[in-house]
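What follows is a single structure, written as structure tokens, with notes after it.
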Amino acid sequence: RRGYWRTVGLTESIISELDTDHHFVHRSTIPTMHFQDSLPRLPVPKLKDTVKRYLAAQKPLLDDDQYRNTERIAREFEKGVGRKLHRDLVEFDKKNKHTSYITDPWFDMYLCARDPVVLNFNPFISLNPDPKEAYNSQVVRATNLVVSSIKFLNSLKNEFLRPDIYYVNPKWSQSRLFKNFIRLLPTSVSWYGAYMVNAYPLDMSQYKRLFNSSRIPKLNKDELFTNERGRHLLVMRNGHFYVFDILDADGNILHPSEIQAQFIYILQDADRLPEFALCYLTTEDRNTWAAVRQQLLEAGNEDNLQKIDSAVFCLCLDNISPKNDTELSHCMLHGRGFNRWFDKSFSLIITSDGTAGVNFEHSWGDGVAVLRFVNEVYRNSTRHPAIVPHSSPPALSATNCERLEFKLNDSIQSAINAARMKFEETNEKLSVRMFEFRKFGKEFLVKQKLSPDAVFQLACQMTAYRQFGKIISSYEACSTAAFKHGRTETIRPTSILTKQCSHAFVEGRSKHSVAELRNMIDECSKYHRRLQLEAAFGKGFDRHLFALKHLSVSRGDPMPELFLDSAYQKLNHIILSTSTLHSPAVHLGGFGPVVPDGFGIGYNVFDTWVGCNTTGYLNRELQEFLKYLECSLNDILDVLEGRPLV
């Protein structure tokens, strides 16, 4: 079907000049979900392998006596209750071939968590500016990004969006012959056709909750809500809510000039903050928010909440302009609370100076889907902008856009004030620090035959050893999207090798030659690469143990000793929570620490430099960490260039 912009009073000649594919970001030869049916299933690791990997991760964190005790507990688990749980998990997995063994436990983990989603779960990704400076005004940028976002939605719904495929040989991504061949294969075998040329399709099941979705607070366990029939956009400005239909019943997008006019009207109408900003409630702990939401429903606000929950997505038009990356991170990660609905699947945030970013709720999906969305929308909005600067929108009356008005009784107003005070108190404690190391990057490390990711993770281990005098628990996220309904697996960067290397660089600097230190770096790099591959292929240990624990709890069994072991608790008290992403569309990303005494580290090893965006509630310790991180990277550089440590 070839659609047209939904227009009011536009002549046919103007319509004919518009991009002929203006409803889609592109039209893929291969249907979007062509590979879903034939994707390989996430393997359930062998229990003996999981125990072996678990003990390997524990060894650097424990002294000899502690390790012997943990080893005994793990071996007893492997031979006893763990064997039975594993057998039952495998049996369950065989009966549910439509999904993965981790899907339900992982959803439960997120949805049962009672902590506020802001700072604890929701990450952010900020976009690079539009290369054309004039296109970075707030209204122009918002219009172009929103139109491209809806084009992405239409592409997804119509199966025109290119499937996510990892090509070992990129030439196949451009091969028309390959695409036409794959398109003709039945969906039951299509994955194998791609595999023949070393191309690996990825799971795209999460995309169905990218749009028209919200997390609904409920007592003890939240729910995910999706209404694909929703055609309206939710826009927030100064804590006020506005909705207007951005699609018609046939999927035609409102003309960009009309969208632009709606935004101008909203900016003019929402000229002051409401007395009670409802959005603060989405920053509350989930049980408190669930109880207040019930009060909102009983007070007669059901229709308005339904419009929020079913909106295509949320656009936040902020009235601030971040002066630097630290202010930008605060803005995108939590903002000022009153202009965010943190329960939406994602919110597109545009500041007064046109800086753009996405804050997304994490239970429904992971960074893979959001990053793909960000990449496509950035590319489309900058290459095929829907409007140009200084364009004149048509005059619209207020009836084109509905402002949502809520009925708030005294109890709800008190709850909003309480949520605001808690939110502001927490935000005041959060520190955000930027770090850049300009002496080497990916190009140099690849020439040294080292994994750039491994080197950064090793530097973090050295840094922690310098700062705390010991090796600490660390976490690196790894996608398992190569499998049907895969989510993530954990890479445990802490190892015996990184412990030995950290000790040598920090306390044994004069005891080792440059060649010996270089060899330690090499061994750490090889081992980390192995951990990466194991995790990506579903052969880590964290998700397997998590599923076994979930199964035991769900049946009401006594908690196995393995999960009560203090070493297990210590391993999962993540001091260094790390994640990396790279894209030409992305300026930076970030997330909060996962424990009060930990750090959230969003990092990237660029071609010629290393950078990270760090968060924490311990400001002095965070600054110390970054100071020592620079020392660690300098030490690594000295050794790689053949200079002895002094």
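Data for the structure
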read-out	value
Between region 191-256 and region 52-71, the alpha-carbon center distance in angstrom	44
Computed label-point distance, nm, for sites residue 467 and residue 561 using a 7 Å Cα→Cβ extension	3.6
Ordering of 213-221, 427-435 by packing [mean C-beta count within 10 Å, highest first]	213-221, 427-435
Aspartates and glutamates whose Cα lies under 14 Å from that of residue 132, excluding same-chain neighbours fewer than 8 positions away	353
Reach of residue 407 by Cα under 29 Å, taken over lysines that are not fewer than 8 positions away in the same chain	218, 221, 307, 344, 422
Acute angle (nearest 10 degrees) that the helix 514-536 long axis makes with the longest principal axis of the chain, alpha-carbon atoms	50
Accessible solvent surface per residue of the chain, calculated while the other protein chains remain in place, 1.4 angstrom probe, Å²	43
Region 334-425 - percent relative contact order, Cα under 8 Å, separation 6 or more	21
Pairwise centroid distance, computed over Cα atoms, of region 76-111 with region 598-643, Å	38
Accessible area of the chain belonging to carbon and sulfur atoms, whole % at 1.4 Å probe	52
Hull-based mean projected area of the chain, where the convex hull spans the alpha carbons, in square nanometres	30.1
Residue-level accessible surface for residue 302, protein heavy atoms, 1.4 Å, Å²	120
Global geometry of region 187-301, whether rounded, prolate or oblate, following the gyration tensor of its Cα atoms and the 1.5 cut on a/c	oblate
Shape of region 282-381, Cα gyration tensor, a/c cut at 1.5	prolate
Greater than 31 Å apart at Cα, pairs in 48/570; 179/549; 84/470; 484/526	179/549; 84/470
Dipole moment magnitude, nearest 20 debye, the chain about Cα centre, only Lys, Arg, Asp, Glu C-beta charged	2120
Three-way shape call for region 48-94 based on the alpha-carbon gyration tensor, with the a/c threshold at 1.5	prolate
FRET efficiency, residue 184 to residue 221 (Cβ-Cβ, R0 41 Å, nearest 0.05)	0.40
Residue-averaged [θ]222 nm for the chain, counting only DSSP H segments that reach four residues, each worth -39500 (n - 2.57)	-13500 deg cm²/dmol
Helix axis angle, 619-640 relative to the chain longest principal axis, alpha carbon, degrees	60
Segments 365-375, 146-156 sorted - mean Cβ within 10 Å per residue, highest first	146-156, 365-375
DSSP bridge orientation in the chain - percent antiparallel, rounded to nearest 5	75
534, 284, reordered so the largest accessible area comes first (probe 1.4 Å)	534, 284
Calculated FRET efficiency for the pair residue 533/residue 383, C-beta based, R₀ 45 Å, to 0.05	0.80
For the chain: relative contact order, % (alpha-carbon pairs under 8 angstrom, 6 or more apart)	21
Nearest 10 degrees, 0 to 90: helix 286-298 Cα axis against the chain principal axis	20
For residue 57, net neighbour charge (Lys/Arg +1, Asp/Glu -1) across residues whose Cβ lies under 14 Å away	+2
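The values are calculated or read from the model by the stated rules, or taken from the named source; none is laboratory data. All values derive from a computational prediction rather than experimental measurement. Ideal geometry is used to build each Cβ from the backbone, glycine not excepted, and the neighbour counts take in all protein chains shown. These area figures cover heavy atoms from the full protein model, side chains too; ligands, DNA and RNA do not enter into them. Shrake-Rupley method; radii C 1.70, N 1.55, O 1.52, S 1.80 Å.
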